[in-house]
Amino acid sequence: MGGPARPALSAGERALARTDYDLVTLGAGSGGVRASRASASLGARVAVAEERDLGGTCVNVGCIPKKLLVYASHYARDFEDASAYGWSAGAPRHDFARLVANKDREIARLNGVYARLLDDAGVARIEGRARIADPHTVEVAGRRITAEHLLVATGGWPVRPTFPGAEHCITSNEVFHLPGLPRRVAIVGGGYIAVEFAGILHGLGARVHQLYRGPLFLRGFDDDLRRGLAAEMRKQGVDLRFDARVARVDREGDALRVTLEDGDRLEVDCVLAAIGRAPQTADLGLEEAGVALRENGAVAVDAYSRSSVPSIWAVGDVTDRINLTPVAIHEGAALARTIFGGAPTRPDHENVPSAVFSHPAIGTVGLTEAEARRRHGDVDVYRASFRPLRHTLTGRDETTLVKLVVDAASDRVLGCHMLGPEAGEIIQGLAVAVRCGATKAQFDATIGIHPTTAEEFVTLREKVA
Ligand SMILES: Cc1cc2nc3c(=O)[nH]c(=O)nc-3n(C[C@H](O)[C@H](O)[C@H](O)COP(=O)(O)OP(=O)(O)OC[C@H]3O[C@@H](n4cnc5c(N)ncnc54)[C@H](O)[C@@H]3O)c2cc1C
């Protein structure tokens with residue numbers, strides 16, 4: 001693979017250029033939109049092709065609608081807890097159709113915002129499915145468009161299960177458009193999307209069974225958080241089953257029967273398969289153009305997001321590096337600087353913070369305890385678990401957990417992990433400290449904000465391991 005690209009063309013060179021554009025982007029999702037806008041702001045002539053809705057997965061069937069549903073699902077507990085604080089009100093009722101309609105209105109507004117952002121940046125928008133015809137040509141909507149550089153930002157797509165009856169399952173794409181709240185749901189999968197929808201649907205009132213084939217869900221997260229969240233979800237009444245493999249799904253009248261490999265059966269109204277996502281690279285003309293793909297279909301890229309074909313680049317989920325919106329955006333911005341800014345920029349994938357919007361939420365940055373031990377050997381672990389102040393009155397049995405993983409040799413904080421309300425909000429701030437290489441002593445020297453959960457991170461004094 002080649003190194004960083006040449007700088008942007010000068011205005012004169014551009015006038016002489018034989019291509020229609022300097023950059024054509026396939027896919028107007030998080031990564032594609034940022035790369036396109038940033039490139040245009042550096043003077044490049046840019047077009048972006050989108051076959052579905054502007055904003056991609058995050059805006060339409062990902063982060064944003066998901067978080068709105070998470071908010072919706074929290075109210076059930078808030079109504080219950082309110083009485084301990086002296087409130088009384090009638091029995092709450094939920095109108096699922098109203099929630100979906102309001103969510104759809106907001107998503108449509110965001111689609112319009114994305115259109116304006118691209119228009120204002122001078123990026124040409126082309127509707128339709130794009131396919132690469134050769135290293136400098138894209139076919140879309142019956143047109144052949146040429147460009148100096150092509151950017152593949154086509155994202156990922158839910159993997160469908162292969163067990164018999166898989167056609168009866170929905171994926172995360174469809175769950176956002178359910179006609180009503182299913183009374184009983186089986187969620188197959190143990191990644192963050194499966195976990196979040198277990199919380200959403202349970203909170204809205206469905207009976208939720210989450211079935212994961214492995215011994216513990218949320219692989220890759222710190223083990224204390226994984227175990228802690230499983231315990232919390234079970235306390236709330238989610239039927240969480242590990243080592244549970246689906247053998248088949250059958251339709252029985254209006255219901256679906258899920259049969260597990262151990263012979264157990266469940267009757268539900270909806271099966272949500274959230275078993276992973278795969279890069280969208282099929283039938284894009286990539287192999288024909290000579291672009292190397294990884295075994296799982298992801299575009300293989302170098303540290304600058306360049307593929308094996310020098311004029312073809314890729315960012316976001318289609319490269320399967322870290323599949324999160326801010327990472328796709330970061331890769332897109334770095335790419336614009338590399339190609340058109342005269343400043344070759346490698347996207348930085350270290351210490352990327354993330355959250356799981358579960359009930360309660362997870363927030364995390366840096367190394368898990370297990371990973372820190374593998375990489376650094378001698379690590380100190382500080383951990384506290386407690387009932388949040390809010391629940392001293394409600395009596396709700398919910399445990400918040402905070403944890404720091406520290407390199408024993410340098411005192412540097414390697415990982416911050418939290419299970420509890422607003423974990424994402426709290427960890428975002430700590431991510432700055434971890435990135436800056438803060439030590440445990442510097443955490444300790446920081447005065448807390450009282451009374452908060454966040455202050456626990458600067459008052460952890462006793463090593464637990
Ligand atoms: C349910 C769910 C929840 C999520 N929650 C979060 C979260 O809370 N936080 C977070 O950071 N991330 C979250 N993500 C992940 C996040 O959505 C993705 O990491 C992000 O959208 C990746 O951006 P992208 O630009 O790579 O791809 P995408 O946003 O998927 O955009 C790709 C675009 O390319 C278009 N396209 C594909 N093929 C073609 C073609 N041939 N021609 C034209 N257009 C094409 C697609 O229609 C799509 O619009 C979530 C994902 C899901 C599914």
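Observations on the structure shown:
- Inter-label distance, A255 to R219: 3.3 nm, where each label sits 7 Å from its Cα along the C-beta direction.
- Beta bridges by DSSP in the chain, antiparallel share as percent, to the nearest 5: 60 percent
- Take the Cβ atoms of A89 and H177, set R0 to 30 Å, and the FRET efficiency comes out at 0.50.
- Residues in region 173-189 reached by a label modelled at A97 [backbone nitrogen below 15 Å; 7 Å Cα→Cβ]: 178-182
- Virtual paramagnetic centre 7 Å along Cα→Cβ of D302, amide N under 13 Å, in region 341-373: 344-346
- Take every pair of alpha-carbon atoms less than 8 Å apart whose residues are at least six positions apart; their mean separation over the length of the chain yields a relative contact order of 17 percent.
- Zone residues, region 305-336, relative to R52, backbone N less than 14 Å from point 7 Å out along Cα-to-Cβ: 317-318
- Cβ-Cβ FRET estimate between A247 and E288, R0 fixed at 60 Å, reported to 0.05: 0.95
- Computed over region 140-286: relative contact order in percent, which uses C-alpha pairs under 8 Å that are six or more apart: 34 percent
- Helix axis angle, 63-82 relative to the chain longest principal axis, alpha carbon, degrees: 20 degrees
- Degrees separating the helix 223-236 axis from the principal Cα axis of the chain, which is the longest one: 60 degrees
- Working from label points 7 Å from Cα in the Cα-to-Cβ sense, the D134 to I322 distance is 3.9 nm.
- Ordering of 454-465, 421-432 by packing is 421-432, 454-465, highest average first (other Cβ atoms within 10 Å, averaged per residue).
- The stretch between D78 and V432 holds 124.3 nm of extra length on full extension. This uses 0.36 nm per residue minus the Cα-Cα distance.
- Applying 1/(1 + (r/R0)^6) with R0 = 41 Å to the Cβ-Cβ distance of A408 and R346 gives a FRET efficiency near 0.85.
- Cross-link partners of K235 among aspartates and glutamates (Cα-Cα below 19 Å; sequence separation of 8 or more within a chain): D78, E80, D81, E196, D223, D224, D397, E398
- Full extension of the chain between R18 and I449 yields a length gain of 149.1 nm, computed as 0.36 nm times the residue separation minus the alpha carbon distance.
- The alpha carbon centroids of region 367-420 and region 128-203 are separated by 34 Å.
- Helix 30-41 axis versus longest C-alpha principal axis of the chain: approximately 40°, rounded to the nearest ten.
- Residues H376, H209, H349, ranked from the fewest to the most other C-beta atoms within 10 Å, line up as H349, H376, H209.
- For K235, K103, K403, order by how many other beta-carbon atoms lie within 10 Å, fewest first: K235, K103, K403
- For region 329-383, the relative contact order comes to 19 percent (Cα pairs under 8 Å, sequence separation of at least 6).
No value in this document is a laboratory result; all are computed from the given coordinates. This one's a predicted model, so the numbers in the text were calculated from it and none came from an experiment. Note: ideal-geometry Cβ built from the backbone for every residue, glycine included; neighbour counts use all protein chains shown.
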